[in-house]
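All remarks here apply to the structure that follows.
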Amino acid sequence: MTTENADAVAYFSARLRFETDVSDVHADLEAGLPGIVLIDTRNDASWEQGHVPQAVHVPTAQIAARAAEVVPPGSQVVTYCWGPGCNGATKAALEFARLGYPVREMLGGFEYWVREGFPVRDRNGVSARPADELTSPAGVACGC
C-alpha cells in the first residue's frame, strides 16, 4: 500500500468513526440498539417546529451544563442540527468530545431525516412526510 493509500484509509476510517447518516441512525433506533443518545442541538423554535421523536433537545450553548443529566455513562452521543448547510451539529459534537463523551455527527441533519420520510414529532404528535424521491426513490434502496 502506498503512503497516499494509507493516508486515504486513515482519513476515511476516521470519518466513519465520527460520522453517521440518517438512515443508519434510524436503523439503529428502530432496532433498539442500546446506548444511543440522539441530541438535537437547534434552538427552541426549531425544536418545536419538529424533531426526531427519540431525540433529546440540548442546544449547543447548554451542552456543558446539561450533558451529565441527559447522557447516561457509557452512551454514544449522536448530534444533529438543521442539515448539510449548517455546522451546528459539528460544533455540538466538538463540545461533547471536549467533555469526554464518545460522539458522532449525523450527516444530513434534520433536513435529511425529513427528506427520507422518517417520523417527526411536533406539537400535533408524530407524523411522517412522503420520502423525497431525490433522496429515497420509491422502491429503490441506496444499498450502501
>> Going residue by residue through the range 41-51, is there one that turns out to be open to solvent by 30 Å² or more (accessible area, probe 1.4 Å), among the small types (Gly, Ala, Ser) and in contact with a Ser or Thr (Cβ under 7 Å, 6 or more places away or on another chain)?
In response: no
>> Of the conditions (1) open to solvent by 40 Å² or more (accessible area, probe 1.4 Å); (2) part of a strand (DSSP E or B), Val37 satisfies every one except a single condition; which number is it?
In response: (1)
> Would it be correct to say that Gly109 is on the phi > 0 side of the Ramachandran plot and open to solvent by 70 Å² or more (accessible area, probe 1.4 Å)?
Replying inline: no
> How many residues are open to solvent by 30 Å² or more (accessible area, probe 1.4 Å) and aliphatic (A, V, I, L, M) if we restrict to the range 65-80?
Replying inline: 2
> Mind checking which residues of the range 55-64 are surrounded by 15 or more Cβ atoms within 10 Å (Cβ to Cβ) and touching a helix residue (DSSP H, G or I) at 6+ places or on another chain (Cβ under 8 Å)?
Replying inline: Val56, His57, Val58, Pro59, Thr60, Ile63
>> Residues to consider are Ala93, Ala131, Ala97; find the one that is among the small types (Gly, Ala, Ser), within 19 Å of Thr41 (Cβ to Cβ) and touching a helix residue (DSSP H, G or I) at 6+ places or on another chain (Cβ under 8 Å).
In response: Ala93
> Here are some residues: Gly83, Gly100, Gly109, Gly139. Which one is within 25 Å of Ala14 (Cβ to Cβ) and modelled with pLDDT under 95?
Replying inline: Gly83
> Across the range 88-106, which residue is most open to solvent (accessible area, probe 1.4 Å) among those that are part of a strand (DSSP E or B), over 11 Å from Val52 (Cβ atoms) and not acidic (Asp, Glu)?
Replying inline: Arg104
>> Residue pairs, Cβ under 6 Å, 6 or more apart or interchain, first in the range 3-32 and in contact (Cβ under 8 Å) with a residue 12 or more places away in the chain and surrounded by 10 or more Cβ atoms within 10 Å (Cβ to Cβ), second of a type in the set (D, E, K, R) and in a loop (DSSP other than H, G, I, E, B). List them.
In response: Val22/Glu116
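The values are calculated or read from the model by the stated rules, or taken from the named source; none is laboratory data. Everything numeric here is computed off the predicted structure, so don't read it as measured data. Neighbour counts are summed over all protein chains in view; Cβ atoms, including those assigned to glycine, are modelled from backbone coordinates with ideal geometry. Heavy atoms of the whole protein, side chains included, go into the accessibility calculation; ligands, DNA and RNA do not. Shrake-Rupley method; radii C 1.70, N 1.55, O 1.52, S 1.80 Å.
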